[in-house]
Amino acid sequence: MADATVNGPHANAAVSPRGAKPTRRLSGRNIMIYGTLAVVCLYYLLPLWVMVMTSLKGMPEVRLGNIFAPPLEMTFQPWVKAWAEACTGLNCDGLSRGFWNSVRITVPSVIVSIFVASVNGYALINWRFKGSEVFFTILIFGSFIPYQVMLYPMVVMLRELGLYGSLTGLVLVHTIFGMPILTLLFRNYFASMPEELFKAARVDGAGFWRIYFHIMLPMSLPIFVVALILQVTGIWNDFLFGVVFISKAENYPMTVQLNNIVNSVQGVKEYNVNMAATMLTGLVPLIIYFISGKLFVRGIAAGAVKG
Amino acid sequence: MATPARKSRVFRNLNAKIAAVPMIFCSMVVFLGFSIWTVVYSFTSSKLLPKANFVGFDQYERLWSNSRWLVSIENLMVFGSLSLIFTIVMGFTLAVLMDQKIRFEDTFRTIMLYPFALSFIVTGLVWQWVLNPDFGIQGIVRGWGWESFAFDPLNNPKLVLYGLLIAALWQGTGFVMALMLAGLRGIDEDIWKATRVDGIPTWKTYIVVIIPMMRPVFITTLVLVAAGIIKLYDLVIAQTSGGPGNASQVPAMYVYSYMFQAQNLGQGFAASTMMLLSVLIVLIPWAYLEFGGKKHG
């Protein structure tokens with residue numbers, strides 16, 4: 001912290017000229033800033049710390065007391081149990097089942113929703129037709145409608161199609177409700193690409209799909225990555241659709257199974273196993289978050305960018 | 001392309017129209033159609049299956065005399081206003097602190113934002129454990145010798161909303177901070193220079209100049225956060241399951257249990273229509289400000 005006062009403001013100003021402030025070297029001000037931020041970070045880090053520590057203790061040690069203390073005897077048994085043995089109802093094969101269900105739900109949902117939305121965004125920018133903007137506006141406003149309003153008609157529709165309770169049905173649901181944000185994301189990105197590119201390709205006789213696959217897609221890989229991050233975390237973390245549109249408990253996604261394991265009223269509570277299970281469920285989005293860094297911020301901020 | 005006599009306008013850009021079919025389907029059938037369907041059927045006496053025998057406002061009368069619904073609405077109001085105020089104040093304050101050319105900015109940002117990547121289920125379960133009366137914060141402070149210390153929000157009907165609030169703020173403020181920080185970075189350097197020349201103190205510049213300039217960011221944040229609060233569901237399910245008793249019920253839980261568990265569809269539809277109405281109350285003034293303003297400016 002000491003060198004922050006010495007070469008902080010000036011050194012940084014050369015790198016990033018954003019939001020300049022008067023450069024005071026008063027340490028009182030810096031102590032306040034860093035002190036506040038440190039306290040805030042404690043609030044943010046505490047649950048993660050507690051979660052990991054609890055999951056590495058044996059039950060006797062958990063019962064003894066301090067949830068903040070690191071384990072005296074470290075054990076990975078709770079993780080093994082959470083992954084392979086934890087029970088929901090009659091199934092006792094652990095969270096691994098939910099994990100693979102979530103994988104089976106997330107992978108196709110992400111691919112289908114991104115493909116449909118990107119083609120749609122491309123059509124909105126380069127192949128406008130009468131009324132396309134009206135539909136788009138309804139789509140964006142529709143994203144604010146609480147899902148609860150559309151849940152039952154959706155169940156009816158899927159039942160009519162014979163897809164209720166199936167994986168395909170859930171993929172369809174994720175694709176539909178991912179449309180607004182993804183279309184917005186792609187539409188805005190394609191709008192920023194030079195129009196001459198598209199025109200030149202048209203003059204050369206390239207059609208709708210050719211331009212999409214040979215020009216738009218290769219040129220907009222960053223936004224595809226942003227969409228990927230957004231969708232993988234969003235769909236992985238979904239709970240409501242999993243509960244409503246999956247009818248058999250053995251097909252439940254990881255979040256639903258996790259909730260059933262931890263909040264079940266039967267049996268003795270094994271807090272260490274519960275925390276290991278919670279950690280396991282959070283691991284996928286956390287890994288994505290730490291790998292993707294600033295792209296993640298861009299992805300979540302996309303919801304706030306207005307068309 | 002070279003079809004003779006260029007058939008009709010319908011077939012122009014046929015591929016693009018095919019590509020837009022999902023969007024048209026989503027906007028017209030799902031968002032518009034399904035919502036209207038639900039609103040219409042909220043005026044029927046549907047029980048197990050949707051039936052079109054209309055009973056006027058009966059479902060709404062029943063809804064608004066149901067104590068569980070009234071508790072949900074009250075909870076939503078209290079939780080909603082507290083969490084709006086706290087997320088925005090905290091988010092803005094943190095963004096201002098982050099904007100002071102501090103070191104380790106990326107580290108701080110990473111720490112504040114990681115909970116946002118986690119699901120509400122994970123958030124709820126972690127905080128359920130941290131707030132556990134026997135092993136969590138209360139237990140530890142008692143272990144230090146302060147035997148009468150009481151901090152057990154999740155089992156106290158009067159405090160349970162604050163327990164939820166602690167978890168919700170943990171998950172969401174980082175995101176609001178990121179939005180606000182982007183807004184602060186978007187403010188012209190010259191503004192700061194001008195206020196400095198005029199000798200206006202920094203704190204006053206923020207209140208008098210910067211916050212009014214960031215109005216669009218605040219409004220967007222407000223709408224996003226408010227829309228999220230109305231949908232609040234997973235967090236409550238994971239952290240308290242609506243308890244103790246009915247103390248932390250929220251409208252989304254009411255809808256779910258009447259629609260899919262109690263098989264009283266009419267009530268579910270009426271309750272979800274009320275949710276839609278509350279979103280519209282947030283959304284319409286915003287749309288008016290956003291798009292009504294553009295025409296004049």
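Taken together, the values in this text are just the output of simple stated rules run on the coordinates, not laboratory data. From a predicted model like this one, the values you see are computed outputs, not experimental measurements. All Cβ positions, glycine included, derive from the backbone under ideal geometry; neighbour counts span all protein chains shown.
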Note to self: Just to confirm my numbers, what's the Cα centroid distance between the range A:183-213 and the range A:274-290 in Å?
What the structure shows: 38
Item checked: Alpha-carbon centroids, the range B:187-202 and the range B:85-136: separation in whole Å -> 31
Note to self: How would the range B:63-296 be classified by its alpha-carbon gyration tensor: rounded, prolate or oblate, with rounded meaning a/c under 1.5 and the a/b versus b/c comparison settling the rest?
What the structure shows: oblate
Check: Total Lys pairs in chain A closer than 21 Å by alpha-carbon, pairs eight or more apart in sequence or interchain only?
Finding: 5
Notebook entry, point to check: By count of other Cβ within 10 Å, fewest leading, how are A:PHE141, B:PHE54, A:PHE239 ordered?
Noted result: B:PHE54, A:PHE141, A:PHE239
Item checked: Leading residue at positive end of dipole, the range B:26-146 (Cβ point charges), from B:SER119, B:SER42, B:LEU97 -> B:SER42
Notebook entry, point to check: Once you average over the residues of B:212-221, how many Cβ atoms of partner chains fall within 10 Å of each Cβ?
Noted result: 1
Item checked: Euclidean distance of C-alpha centroids, the range B:205-272 and the range A:140-176, integer Å -> 20
Next item on the list: Give the share of C-alpha pairs in each 10 angstrom bin for the protein assembly as shown, from 0 to the last occupied bin, in whole percents, shortest bins first.
Entry: 3, 14, 24, 26, 19, 10, 3, 1, 0, 0
Next item on the list: For chain B, set up a Gaussian network in which alpha carbons nearer than 10 Å are linked by springs, and say which option among B:GLY245, B:GLY56, B:GLY145 fluctuates the most.
Entry: B:GLY145
Check: Exactly which trypsin sites (Lys or Arg not before Pro) in the range A:110-204 are in a DSSP loop and have at most 11 other Cβ atoms within 10 Å?
Finding: A:LYS130
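Based on other C-beta atoms within 10 Å, arrange A:ILE67, A:ILE138, B:ILE281 from fewest to most. Can you show the working numbers first?
Numbers: A:ILE67 22, A:ILE138 17, B:ILE281 11.
In increasing order of surrounding Cβ atoms, one gets B:ILE281, A:ILE138, A:ILE67.
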Note to self: Compute a Gaussian network model of chain A, connecting alpha carbons closer than 10 Å, and tell me which residue from A:GLN266, A:GLN257, A:GLN77 fluctuates the most.
What the structure shows: A:GLN266
Note to self: Give me the inter-chain shielding for B:195-207: mean count of other chain Cβ atoms within 10 Å, whole number please.
What the structure shows: 1
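Using only Cα atoms, what is the ratio of the radius of gyration of chain A to 2.2 N^0.38 Å?
The value comes to 1.26.
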Check: Amide H to amide H under 5 Å from B:ASN246: which residues, 5+ apart in sequence or cross-chain, H placed 1.01 Å off N in plane?
Finding: none
